[in-house]
Amino acid sequence: MADFRLRPATRQDFTAIRALIRETGINPFGLEWSRFLVAESAAGEFIGCAQLKPHSDGSLELASLAVIPAWRGRGVARALIEAQLSAAPRPLYLTCRAELGPFYEQFGFHPLRREAMPPYFQRLSRLAEIIGKLLQEQMLVMKTGEP
Ligand SMILES: CC(C)(COP(=O)(O)OP(=O)(O)OC[C@H]1O[C@@H](n2cnc3c(N)ncnc32)[C@H](O)[C@@H]1OP(=O)(O)O)[C@@H](O)C(=O)NCCC(=O)NCCS
């Protein structure tokens, strides 16, 4: 039985969301609390989050997915992703480190070539290519079109 639950974020979650995103080192921009779904333990502790982030080119991104270390490997991210996928229109995009590609493929996402990306992700991907060369890390842009 699940020992956590999901709920829409409230303004009071913002500090915990921002702290977790900072700790995990993922994109710290655009953390608008009202777009987030949060996971909390049976004791009411904040344990993870994910948001649906709209971009000016009309694309929508599954973003800011993070789970606190003590709760990893227990299906919290899976629950957050599945809940967001059940509510989100398609297509839906995300960006991730290349090593997480297989993780997101489980949920129907596939990597995109740059020509197939919406303008926001093309710009990000060009920037990530330059930074990635310096950091020796590759970024993927992924998409799911299936409802
Ligand atoms: C990536 C992250 C969100 C996964 O959270 P989690 O709650 O541990 O993931 P889950 O327990 O729901 O795992 C779901 C499935 O993916 C698998 N999985 C987890 N991490 C994986 C990885 N790095 N690569 C491949 N598969 C992975 C699990 O084995 C599990 O499979 P199963 O259900 O068949 O057992 C978590 O490690 C995290 O917060 N990392 C730091 C932030 C981050 O990198 N976020 C992603 C930004 S793109």
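The values are calculated or read from the model by the stated rules, or taken from the named source; none is laboratory data. No experiment lies behind these values; they were computed from the predicted model shown. Here the Cβ positions follow ideal geometry from the backbone for every residue, glycine too, while neighbour counts run over all protein chains shown. Just so you know, the surface numbers come from the protein's heavy atoms only, side chains and all, with ligands and any DNA or RNA stripped out. Shrake-Rupley method; radii C 1.70, N 1.55, O 1.52, S 1.80 Å.
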Check whether at least one residue in the range 104-116 is part of a helix (DSSP H, G or I), modelled with pLDDT of 95 or more and within 13 Å of the ligand (Cβ to nearest atom), and report yes or no.
yes
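Residues are listed down the side, and each one gets a yes or a no for (1) open to solvent by 50 Å² or more (accessible area, probe 1.4 Å); (2) out of contact with any helix residue (DSSP H, G or I) (no Cβ under 8 Å at 6 or more places or on another chain); (3) in contact (Cβ under 8 Å) with a residue 40 or more places away in the chain; (4) under 19 Å from Ser125 (Cβ atoms):
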site	(1), (2), (3), (4)
Phe29	yes, yes, no, yes
Phe36	no, no, no, no
Glu45	yes, yes, no, no
Arg78	yes, yes, no, no
Glu82	yes, yes, no, no
Pro91	yes, yes, yes, yes
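Can you tell me which of Gly101, Gly58 is more than 11 Å from the ligand (Cβ to nearest atom), touching a residue at least 24 places away in the same chain (Cβ under 8 Å), out of contact with any Lys or Arg (no Cβ under 9 Å at 6 or more places or on another chain) and over 22 Å from Asp3 (Cα atoms)?
Values: Gly101 fails: more than 11 Å from the ligand (Cβ to nearest atom).
The match here is Gly58.
Of everything in the range 117-147 that's of a type in the set (Lys, Arg) and at pLDDT 90 or above, which residue is nearest to Leu62 (Cα to Cα)? Spell out how you get there, then give the answer.
Looking only at the range 117-147, we keep the residues that are of a type in the set (Lys, Arg), and these are 123, 126, 133, 143.
After this cut, where a residue has to be at pLDDT 90 or above as well, the list is 123, 126, 143.
Details: Arg123: 17, Arg126: 20, Lys143: 10 Å.
Applying the filter and picking the extreme gives Lys143.
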In this structure, does Ile68 turn out to be open to solvent by less than 70 Å² (accessible area, probe 1.4 Å) and in contact with a Ser or Thr (Cβ under 7 Å, 6 or more places away or on another chain)?
no
Single unsatisfied condition, Gly44 versus (1) more than 19 Å from Met139 (Cα to Cα); (2) not in a loop (DSSP other than H, G, I, E, B); (3) not aliphatic (A, V, I, L, M)
(2)
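Quickly run through the range 47-58 and pick out the residues that are over 13 Å from the mean Cα position of the chain (by Cα) and either buried (at least 18 other Cβ atoms within 10 Å of the Cβ) or over 28 Å from Ala116 (Cα atoms) (or both). Spell out how you get there, then give the answer.
Kept after step one, since they are over 13 Å from the mean Cα position of the chain (by Cα), are these residues of the range 47-58: 47, 55-58.
Of everything in the range 47-58, just one residue is over 13 Å from the mean Cα position of the chain (by Cα) and either buried (at least 18 other Cβ atoms within 10 Å of the Cβ) or over 28 Å from Ala116 (Cα atoms) (or both), namely Ile47.
Which ones in the range 1-17 are surrounded by 15 or more Cβ atoms within 10 Å (Cβ to Cβ) and among the charged types (D, E, K, R)? Full working, then the answer.
Of the range 1-17, the ones surrounded by 15 or more Cβ atoms within 10 Å (Cβ to Cβ) are 4, 6, 9, 13-14, 16-17.
Selection gives Asp13 alone.
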Name the pairs: first residue in the range 1-24 and under 11 Å from Val67 (Cα atoms), second residue assigned to a helix (DSSP H, G or I), Cβ to Cβ under 8 Å, at least 6 apart or on different chains?
Ile17/Trp33
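Only one of Glu129, Glu137 is of a type in the set (Asp, Glu) and either within 30 Å of Gln12 (Cβ to Cβ) or not in a helix (DSSP H, G or I) (or both); which?
Details: Glu129 fails: either within 30 Å of Gln12 (Cβ to Cβ) or not in a helix (DSSP H, G or I) (or both).
Matching residue, one of Glu129, Glu137: Glu137.
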